[in-house]
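Engineer: Can you keep this structure in mind? I'll have questions shortly.
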Amino acid sequence: MRSGSSIIIFLVCLVLSPAAFAADFLKWEKLPDLPDKTGVAGPFSGVSGNALIVAGGANFPDAMPWEGGKKIWHDAIYVLPGPKTEWKIGFTLPRPNGYGISITTAEGLVCIGGGDVNEHFTDVFLLKWEKEKITTKKLPPLPMPSAFGSGALLGNSIYVAGGIETPDATNTMHVFWSLDLSKPNGKWEELEPWPGPARMLAVAAAQDGSFFLAGGTDLFAGPDGKPQRTYLDDAFRYTPEKGWKEIAKMPRPAVAAPSPAPTIGRSHFLVMSGDDGSKLGFQPVDEHPGFPKEILAYHTITDTWTRMENAPFAHVTVPAVNWEGRIVIPSGEVRPGVRSPAIWSATTITQKSAFGTFDYITLAGYLGSIVLIGLYCSRRHQTTADFFLGGKRIPWWAAGISIFGTQLSAITFLAIPAKVYSTDWTYFLNNMMVVAITPIVVFFYLPFFRRLNVTTAYEYLEHRFNVVVRMFAAATFCILQMGRMGIVLFLPALALSAVTGINIYLCIVLMGVLTTFYSATGGIEAVIWTDLAQVAVLLLAAVVSLFLIASQVDGGFGTIVSTGIAEGKFHMVDWTWDMTTTSILVMTLGTWLSLFGPYSADQSVVQRYLTTPDEKQAAKSMWTNMILVVPATLLFFTVGTALYVFYKTHPEQLNPTLDTDAVFPWFISHSLPTGVVGLVIAGVFAAAMSSLDSSINSMSTVITTDFYRRARPNASDRTCLRLARTLTVLLGIAGTATALLMAGYNIKSLWDVFLRIIGLLGGGLAGVFVLGIFTRRANATGALMGLIASAVLLGWIQQNTRLHFFLFGGIGMVSCVVFGYFTSLFFGSKPLLSGKQLTIHSLFRSPIESTERRLSKK
């Protein structure tokens, strides 16, 4: 105990004082100035046809307000086709207009409300830039006139909040409207407003599936009857179907900050500048310091505000526009009454942490040990039985740990903490369904795979149905694995490269080449024993990370638990019948049915069952996997909650430019000491390699056994062994090359479509095994028709329903069983006598060994 405690204390003491996130996360530059040399405030601005549009607004063209200048509203439209081009002029609005709401949509720039010196408008129209011309299209008008309001686009709906009804109003509007753009004849719908004061000139944003409203000002009549301002710093979040809730207050008031607020990553939006009320009224330039240049960043997950860097300018009463990967602030007001024609543009800077010498030493030590294991195991592989099944000499505990490692990819290692960090423990039940599937596999599937003395799971399908079913299932498995290999290499390499600075191509090549090497030299035995080392490194990395996260939170684990409880981060069950969300039935029954695929029809898992000396030890390997899943799930979910608490108490260390999925790698690279970073990165490598080696070895086994050896039964074992090693190398090269292509070219979206299509067959493949094992009437025709029909049905469901994706595997399996069984009753030949005896109904009544002997005599 003392030595263990000393290690923990030593590791905690190693932690370096975490530095705040680097201030310069935006790179600013100027675009061509607006043709109006005075500049305008309150313009409509957005993007259409890849061009930046700035329209309308108001200014003091002749003299400043304190000099008696008159405010003029404009109707001019300016178009900037590209960042390095010149403005195009000569276009106009239907009438002078300013201080409305600007929303960029796929169709063009939607202009909402606004007004002039005499009145405010209900006008809503679309500006579209095409063929070097501006076209205008009327949209449904607002329910009442409004200017100085706030709005943002969330999904297909525009949301509008607040404003004032007339130019001389002494009170603001407490209204909240929405317009669904997907409805051809849609109208504005009045919704329940936010639970706070009415306001105008607030900041609106759409991020993380919600609409946000922050700051602004309320109005009241002063002693002279003129409007006076109350500066607001409160903020609210509206989520469709859930309603409003108040969120953390802003660090300072912000009135007329650029809105809609620019969003960064998947969980931040920025409040740039904004009048904080420290200086009021029109004043000569030398007496007014200008508005604050400070940028405030709000994080939607931890509900925290952070004071970020200062911008090189402070423009208000102007929209913020996302244009060609830039944040653009087009013109605006720099002091009360003073405009600027400057167009500022910002691009994000990705911050990376250097990978230290000790980190490289740690990573190299891990990779070197993996190579040595592969070389050691290669000495014992003289036959295909050695290469595919490890000579059936693998201990049950080693096979069980390998099954666990096979199912735990690097994507899981990084994604589970990120998911828990951003949500709660709802997905915990998903992992716990392994406990429910294990008895089914042990008592009903293992006996068939073991007593038939098969090398692949798909050999059983030929015994039960026919060779066509076997070939179809084997081919489906190989295609699924080919699609998977590139992803399990590319995604973790991408995450590591984004935050550590390690070259993404180096990550992919290292993982791919080394995994291919030990898989080709040592076969399944090397795969299993390296899986043990990889699982050990992976779990150690997670444990060390958890303790180091806790060491940087005041109060340690006590604070993590108490904050998690207070924030609802340990919420686990959604007691609802809604099948489109993570309801209790989706997470239990849906996941349980989906697990039939990997644990009964996936050769990379089934192959582990076959490497132990006997059936009893194979069963023990499954129980081992089940036992490991529970503490490992608790560990990774706790890491996610700990990350949430850490960043809630240290929001300044968040990187707003990164996606949520990169939060764990970001913490690893920026908050852990050198050396420990290398250990945790080795854990990510381990998780990726344990998944990749399983795919490579199992595909080599299937191609050699189910295709080559089936077509050439007289081929010598030595020939088959050479083929298996060659296939291992070729498959490893193919998986590595696919990941490199994803890194070098924008093909990930196409690959996602490919995976989605082949994924339609995964549940059906499990259904074929259910038909074979649990029914006597199912035949080959029914099995094939069931598999095809389930894929068609599942494709239709994915395209036309909102069912949660956790249901897809179960739907595929159940529909395959239903279609396959009834098709077998009406079409096709009767099942073979031997096939009927290879079902659960004959498992305990007549030994399967006798069936195997009868088959061998034929």
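Engineer: Is it the case that K226 is more than 30 Å from L80 (Cα to Cα), touching a residue at least 12 places away in the same chain (Cβ under 8 Å), out of contact with any strand residue (DSSP E or B) (no Cβ under 6 Å at 6 or more places or on another chain) and open to solvent by 20 Å² or more (accessible area, probe 1.4 Å)?
Structural biologist: When the stated conditions are applied, K226 passes them.
Engineer: Also, I was wondering about something else. Between a residue in the range 586-611 that is polar (S, T, N, Q) and any residue that is open to solvent by less than 10 Å² (accessible area, probe 1.4 Å) and not in a helix (DSSP H, G or I), which pairs come within a Cβ distance under 6 Å, given they are 6 or more apart or on different chains?
Structural biologist: Q603/T456; Q603/A457; T611/I394
Engineer: Turning to a different aspect of this structure: Which one is nearest to D574 (Cα to Cα) among residues in the range 425-442 that are assigned to a loop (DSSP other than H, G, I, E, B) and either open to solvent by less than 30 Å² (accessible area, probe 1.4 Å) or basic (K, R) (or both)?
Structural biologist: T426
Engineer: Filtering the range 46-65 down to residues that are closer than 10 Å to P81 by Cα and in a strand (DSSP E or B), which residue is most open to solvent (accessible area, probe 1.4 Å)?
Structural biologist: Looking at the filtered set, the residue picked out is V47.
Engineer: Scan the range 552-575 residue by residue and report those that are assigned to a loop (DSSP other than H, G, I, E, B) and open to solvent by 50 Å² or more (accessible area, probe 1.4 Å).
Structural biologist: Passing the criteria: D554, G555, E567, F570, H571, M572, W575.
Engineer: Step by step: first the residues of the range 707-726, then only those that are within 20 Å of L375 (Cβ to Cβ) and in contact (Cβ under 8 Å) with a residue 12 or more places away in the chain, then the one that is least open to solvent (accessible area, probe 1.4 Å). Which residue is that?
Structural biologist: A724
Engineer: Could you list, in sequence order, all residues of the range 690-713 that are part of a helix (DSSP H, G or I) and not hydroxyl-bearing (S, T, Y)?
Structural biologist: Matches in the range 690-713: L692, D693, I696, N697, M699, V702, I703, D706, F707, R709, R710, A711.
Engineer: Can S178 be described as open to solvent by 10 Å² or more (accessible area, probe 1.4 Å) and assigned to a strand (DSSP E or B)?
Structural biologist: yes
Engineer: Look at F25 and say whether it is open to solvent by less than 10 Å² (accessible area, probe 1.4 Å) and at pLDDT below 90.
Structural biologist: Criteria met by F25.
Engineer: Somewhere in the range 346-354, is a residue within 16 Å of G675 (Cα to Cα) and modelled with pLDDT under 80?
Structural biologist: yes
Engineer: Here's something else I'd like to know. Name the helices (runs of 4 or more DSSP H) wholly inside the range 579-681 in which the number of residues that are open to solvent by less than 10 Å² (accessible area, probe 1.4 Å), touching a Lys or Arg at 6+ places or on another chain (Cβ under 6 Å) and modelled with pLDDT of 90 or more is 1 or more.
Structural biologist: 615-649
Engineer: Among V543, V488, V513, V527, which is under 20 Å from the mean Cα position of the chain (by Cα), under 29 Å from I394 (Cβ atoms) and of a type in the set (V, I, T)?
Structural biologist: Unique residue meeting the criteria: V488.
The values are calculated or read from the model by the stated rules, or taken from the named source; none is laboratory data. Keep in mind it's a predicted model, so treat the numbers as computed, not measured. Note that each Cβ is placed from the backbone with ideal geometry, even for glycine, and that neighbours are counted across all protein chains shown. These area figures cover heavy atoms from the full protein model, side chains too; ligands, DNA and RNA do not enter into them. Shrake-Rupley method; radii C 1.70, N 1.55, O 1.52, S 1.80 Å.
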